1. Does Val258 count as surrounded by fewer than 16 Cβ atoms within 10 Å (Cβ to Cβ), in contact with a Pro (Cβ under 9 Å, 6 or more places away or on another chain) and over 20 Å from Lys15 (Cβ atoms)?
2. Let me confirm something: among Leu37, Leu83, which residue is closer than 16 Å to Pro126 by Cα, away from the ligand (no atom under 16 Å from the Cβ) and at pLDDT 95 or above?
3. Tell me which residues, restricted to segment 68-119, are under 15 Å from Asp137 (Cα atoms) and either in contact with a His (Cβ under 6 Å, 6 or more places away or on another chain) or assigned to a strand (DSSP E or B) (or both).
4. Which one is nearest to the ligand (Cβ to nearest atom) among residues in segment 1-34 that are acidic (Asp, Glu) and either modelled with pLDDT under 95 or surrounded by fewer than 23 Cβ atoms within 10 Å (Cβ to Cβ) (or both)?
5. Kindly check whether there is at least one residue in segment 233-242 that is under 15 Å from Gly34 (Cα atoms), under 14 Å from the mean Cα position of the chain (by Cα) and outside any loop (DSSP other than H, G, I, E, B).
6. With respect to Gly151, determine if the residue is of a type outside the set (Phe, Trp, Tyr), more than 15 Å from the ligand (Cβ to nearest atom) and under 16 Å from the mean Cα position of the chain (by Cα).
Amino acid sequence: MLIDSHCHLDRVDLKPYAGDFRRLMEETSAAGIGHMLCVSIDLEHYPRMRNLVAPYPQVSVSVGVHPNERGRREPTPEVLVELARDARNVAIGETGLDYYRSTGDLGWQHRRFRDHIAAARSCGKPLIVHSREAREDTLRILTEEDARDVGGVLHCFTETWEMAKAALDLGFYISFSGIVTFKTADDLRAVAAKVPRDRLLIETDSPYLAPVPHRGKSNEPRFVAAVAQCIAGLRGMSVEELAALTRDNFFCLFKDAVPVD
Ligand SMILES: [Zn+2]
């Protein structure tokens, strides 16, 4: 059984499933994906996302506003905490910093990131952190806000071992997406081989970043198998062993997630 620790199910392309979300979910289960964490990117789409996954107990959700979402409703810690009071909610995010797609004065990103950390602290749930070209500020804010107390994951990790090490020292988990399978990702594969086995997670970030050999397609949770296979190979373990340890790590970090048998 594999777990997709980060996907956006409300954005997955349903064309291969004749537009039927239920068929996507059936085929995902049939492919051995036992659990998914469907991640929020803004408050406007959140209610629709939450309704879409409601019939599927194998899907947990998070609530948060992505650092690239501008001009949307700004989330206060109170609103985030209120929305996280939901039996299916297991995390706050995704949040973080992105200096690749946003430029100029990014004080608003910093404030929003700090508000998410405050919300996570107040509801006792882990953070899902997105960080792109913002290594130093991400680590600085996590440290300043004592994010060590709440814990979380650096998702879709694409940075250096030094950053991974700093995040691990803060008690964070590291999650790898399909990027680890890309031809040019040798440095990232070296990082994926080195992350301690009790801090490793895998994800698709569907519908983005489809792994080899699905490049060019819309990504979906069952393609997490390609990420698992790649990392298992790097670490000299079987896919089954990698699946088991990333499953244990998932339920250890997201302690409110309920496994479905
Ligand atoms: Zn995402």
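1. Numbers: surrounded by fewer than 16 Cβ atoms within 10 Å (Cβ to Cβ): yes; in contact with a Pro (Cβ under 9 Å, 6 or more places away or on another chain): yes; over 20 Å from Lys15 (Cβ atoms): yes.
Against the criterion (surrounded by fewer than 16 Cβ atoms within 10 Å (Cβ to Cβ), in contact with a Pro (Cβ under 9 Å, 6 or more places away or on another chain) and over 20 Å from Lys15 (Cβ atoms)), Val258 qualifies.
2. Numbers: Leu37 fails: away from the ligand (no atom under 16 Å from the Cβ).
The conditions single out Leu83.
3. Thr95, Gly96, Leu97, Asp98, listed by residue number.
4. Taking segment 1-34 and keeping what is acidic (Asp, Glu), we get 4, 10, 13, 20, 26-27.
Within this subset, residues satisfying the condition of being either modelled with pLDDT under 95 or surrounded by fewer than 23 Cβ atoms within 10 Å (Cβ to Cβ) (or both) are 10, 13, 20, 26-27.
Values: Asp10: 12, Asp13: 16, Asp20: 23, Glu26: 23, Glu27: 21 Å.
Per the criteria, the residue is Asp10.
5. No: zero hits.
6. Values: of a type outside the set (Phe, Trp, Tyr): yes; more than 15 Å from the ligand (Cβ to nearest atom): yes; under 16 Å from the mean Cα position of the chain (by Cα): yes.
For Gly151, the condition - of a type outside the set (Phe, Trp, Tyr), more than 15 Å from the ligand (Cβ to nearest atom) and under 16 Å from the mean Cα position of the chain (by Cα) - is met.
A quick yes/no check of all residues on (1) assigned to a helix (DSSP H, G or I); (2) touching a residue at least 24 places away in the same chain (Cβ under 8 Å); (3) within 15 Å of the chain's Cα centre (by Cα):
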{"site": "Lys165", "(1), (2), (3)": "yes, no, no"}
{"site": "Leu168", "(1), (2), (3)": "yes, yes, no"}
{"site": "Val191", "(1), (2), (3)": "yes, yes, no"}
{"site": "Ala244", "(1), (2), (3)": "yes, no, no"}
{"site": "Ala257", "(1), (2), (3)": "no, yes, yes"}
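A quick yes/no check of all residues on (1) touching a strand residue (DSSP E or B) at 6+ places or on another chain (Cβ under 7 Å); (2) more than 18 Å from Ser29 (Cα to Cα); (3) of a type outside the set (Val, Ile, Thr):
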site: Phe176; (1), (2), (3): yes, yes, yes
site: Leu188; (1), (2), (3): no, yes, yes
site: Pro196; (1), (2), (3): no, yes, yes
site: Ser206; (1), (2), (3): yes, no, yes
site: Glu220; (1), (2), (3): no, no, yes
site: Phe223; (1), (2), (3): no, no, yes
site: Ala226; (1), (2), (3): no, no, yes
site: Ala244; (1), (2), (3): no, no, yes
site: Cys252; (1), (2), (3): no, yes, yes
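The values are calculated or read from the model by the stated rules, or taken from the named source; none is laboratory data. This is a predicted model, so every value here is computed, not measured. Here Cβ is always computed from backbone atoms with ideal geometry, including for glycine, and neighbour counts include all displayed protein chains.
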